[in-house]
1. So, Gly239, is that one within 10 Å of the chain's Cα centre (by Cα) and either modelled with pLDDT under 95 or part of a helix (DSSP H, G or I) (or both) or not?
2. Can you name the residue in region 83-101 that is in contact with a strand residue (DSSP E or B) (Cβ under 7 Å, 6 or more places away or on another chain) and among the charged types (D, E, K, R) and, of all such residues, is farthest from Pro141 (Cα to Cα)?
3. Please work out if Ile34 is open to solvent by 20 Å² or more (accessible area, probe 1.4 Å) and in a strand (DSSP E or B).
4. Do we find a residue being of a type in the set (Asp, Glu), assigned to a loop (DSSP other than H, G, I, E, B) and open to solvent by 10 Å² or more (accessible area, probe 1.4 Å) anywhere in region 187-208?
5. For region 50-90, which positions are modelled with pLDDT of 95 or more, touching a Pro at 6+ places or on another chain (Cβ under 8 Å) and of a type in the set (Ser, Thr, Tyr)?
6. If the Cβ limit is 8 Å and pairs must be 6+ apart or interchain, which residue in region 249-263 that is closer than 18 Å to Phe196 by Cβ and without any contact (Cβ under 8 Å) to a residue 40 or more places away in the chain pairs with which residue that is open to solvent by less than 10 Å² (accessible area, probe 1.4 Å) and of a type in the set (Gly, Ala, Ser)?
7. Taking Glu313 as the residue in question, decide whether it is open to solvent by 40 Å² or more (accessible area, probe 1.4 Å), charged (D, E, K, R), more than 17 Å from Met429 (Cα to Cα) and assigned to a helix (DSSP H, G or I).
8. So which residues in region 94-130 are touching a Ser or Thr at 6+ places or on another chain (Cβ under 9 Å) and within 15 Å of Asp162 (Cβ to Cβ), if there are any at all?
Amino acid sequence: MVKISIIVPVYNVENYICGCLDSLIRQSLKEIEIICINDGSQDKCHEIIQKYAKEDDRIITITFPENKGTLCARTQGVAEANGQYLMFVDSDDFLDCQACERLYLLMEKEQTDVIHFGTALHSGSNVSAEMIKWVTHFLTPYSGKLEGDNLLNFCFLQEKFDFNITNKIWKREICSAAFSKVQPQRLVASEDRYLFFLMAYYAKSYRGITDKFYHYNLGIGVTGGDLLTVEQFEKRCSGASASALVADFLESEHAAEQYEAIATQFANQILWDCADCWFHKLTKSDSVKGFQILSKYFSPDAIVGALARLHFEQVKTIVKRTGIEVGSNTAIYCRYLGNQDLNHILPQIIALLKSQGSAVTIYTDENQKDILDTSETFLKEVVYLPDSINASWDLYEQRAKIFYNMLKEKEIKVLFYASPASHVADYDMLLAAMSNITAIPINIESSPDNSGKVPERPIVSMEELSSPAIMFRCFVRACLHKIYRRK
């Protein structure tokens, strides 16, 4: 009887595969099977595996003629497994020789769905002490028992333990149920995260122990060391597709509403990881290319939110590293100027833009000319446009012509449109877009009531509008939109 099936996907790891297989065939527990899936390796892995298989009939070999990815390899391995319990070992890592015996006895005793055990790190010269400390903390098990339908909550919301599947031993039934739901899609990154979500969905009990049975070579593969290449970074970002796979799974189980918060956190953690890697793990020379990659996989609002969350006070460094030329000329259009609240808000926005090296022009409508207090410094050089209130049908033509010429004359690169409720807003922003100007709507205006009087308070609360975070998002979002328009 096979007590434990060990599933080992193999791809181009000829320098490590012998160490991995040696640790498996020398396990003190003999009733095991070792399922090696050669995933289209182009080095000597095939020959090495075959040599080991001839010497030990517990090794089962499966060969893919071309690379299909670890997700497919593991799925095939689970389908072939005969053991009571399953373990997953990456082919560039290895196990303690007592691992299977000790873990089998504990699984039999505890009758739990999964046991999470400790990991010993082996790091190369490309890994800093700080990274070793972080990874050690991340891989440290929760010491104790957890039961019920809360394993997903414990992992993704409470972060009591990690989502790796290699430092755990699983009941075969849990793996069979989870892998039957796996979508046949290549995942280069976030694969463990995706698989663990499915496995934890079906698991009802967890046991954590501190004994270090798994040996992890830190700094190899997609994870990398303290620095990532552009290629490694893109592979990491591609893990964003795991979020959609999780959403599809929950929909198929009619559990999307029940696990909405966990699914959101699942997606956020991938985004935050990639945004942080862009900031910390790419060289300055790779930052521009890396930012384009980041923008390929995540939406502008998601990227800006993540950068603000992680590195709010580093906005100048962030903008510089994007490689995006923000432009020295920025404009703000607001049809109702002069109210007390706006006099407080606009100078803050202008100051932020100027701190990034932008010259700022303020546009408003001609009907504001006689009511503005131009003693306010920021209102001294306001540019006036034909009134928006009268610019309908053929009358808009004059406004369009004047607005267009003024934008060209000032060489405006970014337009913050602070009157998005205006009936001409869409045409004004279309005009800007066709003039190769990024138009970003922001709502900081007050509109007149039925009597024609402007209310004392703006539509959005002062607390929101004076928030540096709001201005940060507006500014960086303009930068991000430039990337999308270039495409």
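1. So Gly239 passes the test.
2. The extreme case among them is Asp92.
3. no
4. no
5. Answer for region 50-90, where residues must be modelled with pLDDT of 95 or more, touching a Pro at 6+ places or on another chain (Cβ under 8 Å) and of a type in the set (Ser, Thr, Tyr): just Thr75.
6. Partner pairs satisfying both residue conditions: none exist.
7. Here the answer is yes, as Glu313 does meet what is asked.
8. Residues satisfying the conditions are Val114, Phe117, Gly118, Thr119, Leu121.
The values are calculated or read from the model by the stated rules, or taken from the named source; none is laboratory data. Note that the structure is predicted; figures quoted are calculated from it, not measured. Don't worry about glycine lacking a Cβ; one is built from the backbone with ideal geometry, like all the others, and counts go over all protein chains shown. Calculation scope for accessible area: heavy atoms of the full protein, side chains included, ligands and nucleic acids excluded. Shrake-Rupley method; radii C 1.70, N 1.55, O 1.52, S 1.80 Å.
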